[in-house]
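> So that we are looking at the same thing, I have put the structure below in structure tokens.
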Amino acid sequence: MSDPDPNRPLDAEALARVRAVGRRFDPAAELETAEDVATFLDEYLRDNADPAAFAQALGIIARAEGMTEIARRAGVGRESLYKSLSGEVAPSFETVLKVVRALGLRLAVTPAAGEAA
């Protein structure tokens with residue numbers, strides 16, 4: 001059996017496989033349902049208690065739904081929203097609440113398992 005010609009162009013299927021391997025994992029692409037979003041945000045918060053990390057998680061969710069549309073629903077500028085949800089800064093609580101509502105979510109507080117109040 002001979003080796004394939006290295007100069008022959010890849011067919012469409014082979015090219016798609018190469019591109020898929022070269023892509024970074026994007027969690028936004030996996031968020032399809034409200035349950036997906038809630039689970040993602042809950043797990044993210046469990047591992048990252050930092051306000052900037054929470055903002056970053058909201059940013060991932062907003063990208064999944066469309067940042068322009070979320071900015072419109074939240075009543076904030078798109079560029080401002082990108083900056084606020086980049087994870088580089090901690091946005092104001094007001095911005096967080098606007099984004100949470102725009103995403104169709106609500107915040108809930110529950111006791112931490114095994115911890116006294």
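Bear in mind these aren't lab numbers, they're just calculated from the coordinates by the rules spelled out. The model shown is predicted, which means the values in this text are computed figures rather than measured ones. Cβ placement follows ideal geometry from the backbone for every residue including glycine, while neighbour counts extend to all protein chains displayed.
Residues checked against (1) more than 16 Å from residue 89 (Cα to Cα); (2) of a type in the set (Asp, Glu); (3) in contact (Cβ under 8 Å) with a residue 40 or more places away in the chain; (4) out of contact with any Asp or Glu (no Cβ under 7 Å at 6 or more places or on another chain):
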| residue | (1), (2), (3), (4) |
| --- | --- |
| 34 | yes, no, yes, yes |
| 38 | yes, no, yes, yes |
| 43 | yes, yes, no, yes |
| 49 | no, no, no, yes |
| 57 | no, no, no, yes |
| 64 | yes, no, no, yes |
| 68 | yes, no, no, yes |
| 72 | yes, no, no, yes |
| 75 | yes, no, no, yes |
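> Could you tell me how many of the residues in segment 55-84 are closer than 18 Å to residue 36 by Cβ and crowded, with 20+ Cβ neighbours inside 10 Å?
8
> Please specify each residue of segment 85-100 satisfying the condition of being within 22 Å of residue 35 (Cβ to Cβ) and more than 16 Å from the chain's Cα centre (by Cα).
At the first step, the residues of segment 85-100 found to be within 22 Å of residue 35 (Cβ to Cβ) are 85, 96-97, 99-100.
Selection gives 97 alone.
> Give me a count of the residues in segment 93-103 that are out of contact with any helix residue (DSSP H, G or I) (no Cβ under 8 Å at 6 or more places or on another chain) and of a type outside the set (D, E, K, R).
Step one: filter segment 93-103 for residues out of contact with any helix residue (DSSP H, G or I) (no Cβ under 8 Å at 6 or more places or on another chain), giving 93-94, 97.
Next, from what is left, pick out any that are of a type outside the set (D, E, K, R): 93, 97.
Within segment 93-103, residues that are out of contact with any helix residue (DSSP H, G or I) (no Cβ under 8 Å at 6 or more places or on another chain) and of a type outside the set (D, E, K, R) number 2.
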